[in-house]
Amino acid sequence: MIKIENLHVSVGGKEILKGINLEIGDGEVHAIMGPNGSGKSTLSNVIAGRDGYEVTQGSITYKGKDLLEMRPEERAWEGIFLAFQYPVEIPGVNNTYLLKAGVNARRKHQGEQELDAMEFMQLVKEKAKLVELDQSFLSRGVNEGFSGGEKKRNEIFQMAVLEPSLALLDETDSGLDIDALRIVAKGVNTLRAANRSIVMVTHYQRLLDYIKPDVVHVLADGQILKSGDASLALELEERGYDWVRAEAHV
Amino acid sequence: MSEVKNKEKVEISAQEHASREYEAGFVSDIEADTLPPGLNEDVVRHISAMKEEPEWLLNWRLEAFRHWQTMTEPHWAHVSYPPIDYQAVSYYSAPKSMKDGPKSLDEVDPKLLETYAKLGIPLREQEWLAGVAVDAVFDSVSVATTFKGKLKDAGVIFCPISEAVRDYPELVQKYLGTVVPAGDNYFAALNSAVFTDGSFVYIPKGVRCPMELSTYFRINAMNTGQFERTLIIADERSYVSYLEGCTAPQRDENQLHAAVVELVAMDDAQIKYSTVQNWYPGDENGIGGIYNFVTKRADCRGHRAKVSWTQVETGSAITWKYPSCVLRGDHSVGEFYSVALTKMCQQADTGTKMIHIGKNTRSTIVSKGISAGRGNQSYRGLVKIGKDADNARNYTQCDSLLIGDKSGAHTFPYVEVKNATATMEHEATTSKIGEDQLFYCQSRGISEEDAVNMIVNGFCKDVFNELPMEFAVEANRLMEVSLEGAVG
């Protein structure tokens, strides 16, 4: 699905990522864990194409194409989705309208017929159930006046509608109470598929209790210091990150 | 931009036409109908005479003119422009004959046509807008005639103000200048002295005007000149929705526009006045473009009267405009909903005045300003609560949205309260279209340009919702077309 090689990224002249190597296969679920400021969010933003991140070295190949050459919307058309850590409010812009524009821009790009309003409403209602999102949210402004938990649910709802090939969940669990976490996790699990890879960026093991990763990576000091299976997350929960650091720098 | 080229083209074809006519042995009398530049009492007299006006109107004009001579052009607005030479303007030009216009759309500047197409304007209407002399005009005239019949049945008077002076002199004399007095301000005084035409509307007691006065107006909007005068009277318990302007950029050869609009609402009457203004804004360097100095005021003369101003302003090089409401009647209501977009080198100083005089009067102000490029705009609003205006309420919300880092937005709210029972609310925000908002949309597959349009339209939604249905859709598209290339 995606192959990241020796990726170096600077923000405002400061190097944040210092040679990331990561390969994610079709249908795999990877968790990227690490302490604050380790570059986890930088990595997901760079993959999604956010401005302000300077790639100084290395490459990202996605479905055989050079990802770094693409504009953010092109990446979305090619199936990349980022669930934001802090979803943005866009006052006055209808939630459904934004999604419809996104879905249809992608369909157009792929040479498919655009969905009409009726077809789209049907799709949207079906997907809203998945994350138990009340129908009233559909017609509200994008994230306008949503609570923290509602915003995160809205992100997963958007993921369900956009049906990405590679979904990046940036700290989707932060700010969620236990019920909301369960709902969000259920949504994500329903969306697991053989042709869909998922990357979860998180601080805590707790999300991984609900969504079982195939691979767990430790990102610290701008590098992936260790990778392992789901049990690595449990070990991190118990022992913290310092031992990984110590091990890596020996 | 396109407008200038178009003008040249029209002039060339007009010349060609004139010479051809001469060869054929006809003498054009067009020149004789145009006064040489300059303004003095004789010019005012000449205009009045051309219109065959009664003496009271001539005297009214002359008084306005004498007053104007004692006044100086106001410069308190947050705009700048080179001095205007009022003696270099021609104050009367008879409507140009359609035969001098382009013969078909093939002769019209393709750039202008492209804009029309983007706005989704039907071909027939494009021809009319571009001043093409074709049969379409006859269609329009017949449509207008149908409307006229319907209005007549309802007892509604809707005609050019010059016609009203002739056919309903007592109505015109009773109301003209009672909302905006002849000497109200520099531009209003100038307008009073030299106005050439405009619209007149009278809705009789208890009548709900059977249609929005829009389509008809559009057909008649051509050639009303640069000093337009509009007078609308809604008698007791009547209702009218009036739509002025057009989303399409209109061809106009006059740079200076100083219109006056007066609205009178009697007991329980309601007037909804919507404007879409898209005059030529000048080019990227601020060359050319219309100066739009307008005085618009409504008098809620009766109890429970209500006036709503809704405006979408995207055109003109300079806009100086403060549609206002004088809330004289008890329980009367004034509303002002505005979206103004300035881009390139456009400047706008616009807002409203709500003058609360009657008891239990209410006013609402929602102003949305968008600045892109080197556009600069100011919201200037006055809310005045008189000493007898018990329980008056005002709600003001003014939001500014900046696009790019060379644009500017300013807010000048003035409040004067002389009655302790008043309730005033004021909210103001200034925001930039955030990089995070754009990226959020892009990450959902929406291009940057579409994202900007979406965000701007969302920002304007509260105001667009106040527009009559068909116009709300057009306004959306107008914003999109206006914002093209405004990003980055």
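The values are calculated or read from the model by the stated rules, or taken from the named source; none is laboratory data. Here the structure is a predicted model, which is why all the values come from computation and not from measurement. Note that each Cβ is placed from the backbone with ideal geometry, even for glycine, and that neighbours are counted across all protein chains shown.
Just to be sure, is B:ASN457 touching a residue at least 24 places away in the same chain (Cβ under 8 Å), within 13 Å of chain A (Cβ to nearest Cβ) and surrounded by 18 or more Cβ atoms within 10 Å (Cβ to Cβ)?
Details: touching a residue at least 24 places away in the same chain (Cβ under 8 Å): no; within 13 Å of chain A (Cβ to nearest Cβ): yes; surrounded by 18 or more Cβ atoms within 10 Å (Cβ to Cβ): yes.
No: the conditions fail for B:ASN457.
Applying the selection to region B:366-397, what residues are assigned to a strand (DSSP E or B), of a type in the set (A, V, I, L, M, F, W, C) and either at pLDDT 95 or above or surrounded by fewer than 24 Cβ atoms within 10 Å (Cβ to Cβ) (or both)? Steps first, please.
Of the residues in region B:366-397, the ones assigned to a strand (DSSP E or B) are B:366-371, B:376-385, B:393-397.
Next, from what is left, pick out any that are of a type in the set (A, V, I, L, M, F, W, C): B:366, B:370, B:382-383, B:385.
Of everything in region B:366-397, those that are assigned to a strand (DSSP E or B), of a type in the set (A, V, I, L, M, F, W, C) and either at pLDDT 95 or above or surrounded by fewer than 24 Cβ atoms within 10 Å (Cβ to Cβ) (or both) turn out to be B:VAL366, B:LEU382, B:VAL383, B:ILE385.
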Right, A:VAL55: modelled with pLDDT of 95 or more and either within 14 Å of chain B (Cβ to nearest Cβ) or part of a helix (DSSP H, G or I) (or both) or not? no
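To keep it simple, each residue is scored yes or no on (1) in contact with a Cys (Cβ under 8 Å, 6 or more places away or on another chain); (2) crowded, with 22+ Cβ neighbours inside 10 Å; (3) more than 10 Å from every other protein chain (Cβ to nearest Cβ); (4) over 25 Å from B:VAL366 (Cβ atoms).
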| site | (1), (2), (3), (4) |
| --- | --- |
| B:SER431 | no, no, no, no |
| B:CYS441 | no, yes, no, no |
| B:GLY445 | no, yes, no, yes |
| B:MET469 | no, no, yes, no |
| B:ALA472 | no, no, yes, no |
| B:ARG477 | no, no, yes, no |
Which is crowded, with 16+ Cβ neighbours inside 10 Å, closer than 30 Å to B:THR411 by Cα and at pLDDT 90 or above, of B:TRP68, B:TRP60? B:TRP68
Could you list, in sequence order, all residues of region A:23-36 that are over 20 Å from A:VAL188 (Cα atoms) and modelled with pLDDT of 95 or more? A:GLU23
Is it true that some residue in region A:96-104 is within 12 Å of chain B (Cβ to nearest Cβ), surrounded by 23 or more Cβ atoms within 10 Å (Cβ to Cβ) and small (Gly, Ala, Ser)? yes
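Hey, does region A:64-72 have a residue that's within 14 Å of chain B (Cβ to nearest Cβ), outside any loop (DSSP other than H, G, I, E, B) and not charged (D, E, K, R)?
Yes, that holds for at least one residue.
Quick check: anything in region B:425-444 within 26 Å of B:SER80 (Cα to Cα) and of a type outside the set (S, T, N, Q)? Can you show your working first?
As a first pass, look at region B:425-444 and keep what is within 26 Å of B:SER80 (Cα to Cα): B:428-432.
Imposing the further condition that a residue be of a type outside the set (S, T, N, Q) reduces the set to B:428, B:432.
The answer is yes, given that some residue of region B:425-444 is within 26 Å of B:SER80 (Cα to Cα) and of a type outside the set (S, T, N, Q).
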Looking only at region A:106-127, which residues are within 12 Å of another protein chain (Cβ to nearest Cβ), part of a helix (DSSP H, G or I) and more than 20 Å from the chain's Cα centre (by Cα)? A:ARG107, A:LYS108, A:HIS109
Give the number of residues within region B:338-360 that are without any contact (Cβ under 8 Å) to a residue 40 or more places away in the chain and hydroxyl-bearing (Ser, Thr, Tyr). 1
Matching option when the condition is touching a Ser or Thr at 6+ places or on another chain (Cβ under 8 Å), of a type in the set (A, V, I, L, M, F, W, C) and at pLDDT 95 or above, among B:LEU327, B:LEU341: B:LEU327
Can you give me the number of residues within region B:429-488 that are under 20 Å from the mean Cα position of the chain (by Cα) and not in a helix (DSSP H, G or I)? 4
Picked from region A:128-150 (must be outside any loop (DSSP other than H, G, I, E, B), away from chain B (no Cβ under 14 Å) and under 21 Å from the mean Cα position of the chain (by Cα)), the residue farthest from B:LYS461 (Cα to Cα) is A:LEU130
Would you pick out the residues in region A:151-171 that are away from chain B (no Cβ under 11 Å), of a type in the set (A, V, I, L, M, F, W, C), in contact (Cβ under 8 Å) with a residue 40 or more places away in the chain and not in a strand (DSSP E or B)? A:ILE156
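Out of everything in region B:274-311 that is aliphatic (A, V, I, L, M) and modelled with pLDDT of 90 or more, what residue ends up being surrounded by the fewest Cβ atoms within 10 Å (Cβ to Cβ)? Walk me through how you get there before you give the answer.
First, the residues of region B:274-311 that are aliphatic (A, V, I, L, M): B:276, B:287, B:290, B:294, B:298, B:305, B:307.
With the extra rule that they be modelled with pLDDT of 90 or more, the set shrinks to B:294, B:298, B:305, B:307.
On the way: B:VAL294: 23, B:ALA298: 30, B:ALA305: 31, B:VAL307: 29.
That would be B:VAL294.
Quickly run through region A:172-193 and pick out the residues that are β-branched (Val, Ile, Thr) and part of a loop (DSSP other than H, G, I, E, B). Break it down stepwise before answering.
To start, the set of residues in region A:172-193 that are β-branched (Val, Ile, Thr) comprises A:172, A:178, A:183-184, A:188, A:190.
The answer is A:THR172, and nothing else.
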Of A:GLY79, A:GLY39, which residue is modelled with pLDDT of 95 or more, on the phi > 0 side of the Ramachandran plot and crowded, with 18+ Cβ neighbours inside 10 Å? A:GLY79
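Report whether or not A:ILE80 is facing chain B (nearest Cβ under 9 Å), of a type in the set (Val, Ile, Thr) and in contact with a helix residue (DSSP H, G or I) (Cβ under 7 Å, 6 or more places away or on another chain). I'd like the intermediate steps shown before the answer.
Working: facing chain B (nearest Cβ under 9 Å): yes; of a type in the set (Val, Ile, Thr): yes; in contact with a helix residue (DSSP H, G or I) (Cβ under 7 Å, 6 or more places away or on another chain): yes.
Taking the combined requirement at face value, the residue satisfies it.
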Quick one: in region B:398-428, of everything that is of a type outside the set (Gly, Ala, Ser) and assigned to a loop (DSSP other than H, G, I, E, B), which residue is surrounded by the most Cβ atoms within 10 Å (Cβ to Cβ)? B:ILE403
Which listed residue is under 16 Å from the mean Cα position of the chain (by Cα), at pLDDT 90 or above and not charged (D, E, K, R), from A:SER174, A:SER165: A:SER165
Residues of region A:190-242 classified as touching a Lys or Arg at 6+ places or on another chain (Cβ under 9 Å), surrounded by fewer than 20 Cβ atoms within 10 Å (Cβ to Cβ) and under 10 Å from A:ILE32 (Cα atoms), total: 1
Of the residues in region A:38-52, those that are of a type outside the set (D, E, K, R) and away from chain B (no Cβ under 11 Å) come to A:SER38, A:GLY39, A:SER41, A:THR42, A:LEU43, A:VAL46
